[in-house]
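Heads up, the thing below is written out as structure tokens.
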Amino acid sequence: MDVPREMLVPIFTAHLFPGLEARLIDLLRSLAPEDWEKQTLAPKWKVKDVAAHRLDTQVRKLAAARHGYKPENSKKLSPETLVALINTLNAEGVGEYRQLSPVDLVSRMETASRESAAYHRTLDPFAPAMFPVSWAGEEESLNWFDTAREFTERWHHQQQIRIAVAKPGIMTREFYFPVLDCFLRALPHTYRDVPAKPGTLAQFNISGECGGSWYLFREREEWKLIAALAGEKISETTIPQGIAWRIFTKGIAADDARSQVQISGDQTLGGHILKMISIVG
């Protein structure tokens, strides 16, 4: 079924890195000694582990950009092998950098964050990225998408720390909407094995001032994200913005999330989004 459709536009986030990272550095410098050992939503990581992870991933990405150093070519790995590799690298990085004192850790993070933000601003957003966004099912991504993915990592890890130490989150439209927009680009890949007749449309809303609506359209044998209503809408799912990011980063149990989500129409189709994971590992 051919229906006139407008596709989603790219997400540009490189200019947002300095502001987001400055908030993280200010937060970390305000922590009391006992705050560093508080548990986060990530089961294996305390606050200091998350901070160490942020430093490790930035250092690793800069090393790959500057010197071509990559442990393996992720584009040639199976999804299972890629997840195992990422988990191993993350664990090694956290183990190394969590040994630093909080002062040294924050100092190194500030430098790495500044250099990483500068690096992303130099990239041609429409050139091929160094790494594909695997959770969206891509084997080749453009820089704008990989940069947006990096931005979601920075946002959601900072949010984990803020929750752990009982500090206000960064639920502003400037920072959170691009995160949601990026996360939801995983919808076609998440629904790839969900059957539907051509012309079917599922609508997904994130409620709240930072949210919006996304439309998943069945075109012949595949799902595509489109920018506006088209075809026959058979389900509509509404997720509160407060839990949306937690659903997509494994930060809330499925049953707890489902009790707060509203689905009208096809319950199976609308509810499948609760299985969507927009991170690796």
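Quick grid of which residues meet (1) in contact with a His (Cβ under 8 Å, 6 or more places away or on another chain); (2) in contact (Cβ under 8 Å) with a residue 40 or more places away in the chain; (3) surrounded by 19 or more Cβ atoms within 10 Å (Cβ to Cβ); (4) hydroxyl-bearing (Ser, Thr, Tyr):
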site: 15; (1), (2), (3), (4): no, yes, no, no
site: 26; (1), (2), (3), (4): no, no, no, no
site: 40; (1), (2), (3), (4): no, yes, yes, yes
site: 49; (1), (2), (3), (4): no, yes, yes, no
site: 52; (1), (2), (3), (4): no, yes, yes, no
site: 55; (1), (2), (3), (4): no, yes, yes, no
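As an exercise: evaluate residue 275 against (1) open to solvent by 50 Å² or more (accessible area, probe 1.4 Å); (2) within 23 Å of the chain's Cα centre (by Cα); (3) without any contact (Cβ under 8 Å) to a residue 40 or more places away in the chain and give the number of the one condition it does not meet.
(3)
Would region 195-202 turn up any residue that is in contact (Cβ under 8 Å) with a residue 40 or more places away in the chain, under 19 Å from residue 8 (Cα atoms), surrounded by 19 or more Cβ atoms within 10 Å (Cβ to Cβ) and in contact with a Phe, Trp or Tyr (Cβ under 6 Å, 6 or more places away or on another chain)?
no
For residues that are under 12 Å from the mean Cα position of the chain (by Cα) and open to solvent by less than 20 Å² (accessible area, probe 1.4 Å), scanning just region 183-194, find the one that is nearest to residue 17 (Cα to Cα). Walk me through how you get there before you give the answer.
Within region 183-194, the subset under 12 Å from the mean Cα position of the chain (by Cα) is 183-186.
Filter again for open to solvent by less than 20 Å² (accessible area, probe 1.4 Å), leaving 183-184, 186.
Numbers: 183: 17, 184: 20, 186: 22 Å.
If we take residues in region 183-194 being under 12 Å from the mean Cα position of the chain (by Cα) and open to solvent by less than 20 Å² (accessible area, probe 1.4 Å), then 183 is nearest to residue 17 (Cα to Cα).
All but one of (1) open to solvent by less than 10 Å² (accessible area, probe 1.4 Å); (2) over 30 Å from residue 219 (Cα atoms) hold for residue 180, so report the exception by its number.
(2)
Consider residue 137 carefully, then state whether it is open to solvent by 50 Å² or more (accessible area, probe 1.4 Å) and on the phi > 0 side of the Ramachandran plot.
Criteria not met by residue 137.
Within region 39-60, is there a residue that is in a helix (DSSP H, G or I), in contact with a Lys or Arg (Cβ under 8 Å, 6 or more places away or on another chain), of a type in the set (Lys, Arg) and at pLDDT 95 or above?
yes
So, residue 132, is that one in a helix (DSSP H, G or I) and in contact with an Asp or Glu (Cβ under 8 Å, 6 or more places away or on another chain) or not? Outline the logic, then answer.
Values: in a helix (DSSP H, G or I): no; in contact with an Asp or Glu (Cβ under 8 Å, 6 or more places away or on another chain): yes.
When the stated conditions are applied, residue 132 does not pass them.
Restricting to region 253-265, and then to whatever is open to solvent by less than 60 Å² (accessible area, probe 1.4 Å) and in a loop (DSSP other than H, G, I, E, B), can you tell me which residue is modelled with the lowest pLDDT?
Within region 253-265, the match that is modelled with the lowest pLDDT is 253.
Select, from 197, 224, 250, the only residue that is over 15 Å from the mean Cα position of the chain (by Cα), part of a loop (DSSP other than H, G, I, E, B) and either within 24 Å of residue 149 (Cβ to Cβ) or modelled with pLDDT of 95 or more (or both).
197
Name the residues in region 227-247 that are open to solvent by less than 50 Å² (accessible area, probe 1.4 Å) and either in a helix (DSSP H, G or I) or aromatic (Phe, Trp, Tyr) (or both), would you?
Of everything in region 227-247, those that are open to solvent by less than 50 Å² (accessible area, probe 1.4 Å) and either in a helix (DSSP H, G or I) or aromatic (Phe, Trp, Tyr) (or both) turn out to be 241, 242, 243, 244, 245, 247.
Can you tell me which residue is farthest from residue 51 (Cα to Cα) among those in region 142-169 that are without any contact (Cβ under 8 Å) to a residue 40 or more places away in the chain and surrounded by fewer than 21 Cβ atoms within 10 Å (Cβ to Cβ)?
By that ranking, first place goes to 143.
Name the single residue that is most open to solvent (accessible area, probe 1.4 Å) among those in region 107-134 being of a type in the set (A, V, I, L, M, F, W, C) and under 15 Å from the mean Cα position of the chain (by Cα).
Across region 107-134, the extreme among qualifying residues is 131.
Within region 81-105, how many residues are in a helix (DSSP H, G or I) and closer than 9 Å to residue 52 by Cα? Give the steps one after another, and end with the answer.
Restricting attention to region 81-105, the residues satisfying the condition of being in a helix (DSSP H, G or I) are 81-97, 102-105.
Of the ones still in play, those that are also closer than 9 Å to residue 52 by Cα are 93-97, 105.
Residues flagged as in a helix (DSSP H, G or I) and closer than 9 Å to residue 52 by Cα within region 81-105 amount to 6.
The values are calculated or read from the model by the stated rules, or taken from the named source; none is laboratory data. From a predicted model like this one, the values you see are computed outputs, not experimental measurements. Cβ coordinates were reconstructed from backbone atoms using ideal geometry, including for glycine residues, and neighbour counts include every protein chain displayed. Remember, those area values only see protein heavy atoms, side chains included, never the ligands or the DNA or RNA. Shrake-Rupley method; radii C 1.70, N 1.55, O 1.52, S 1.80 Å.
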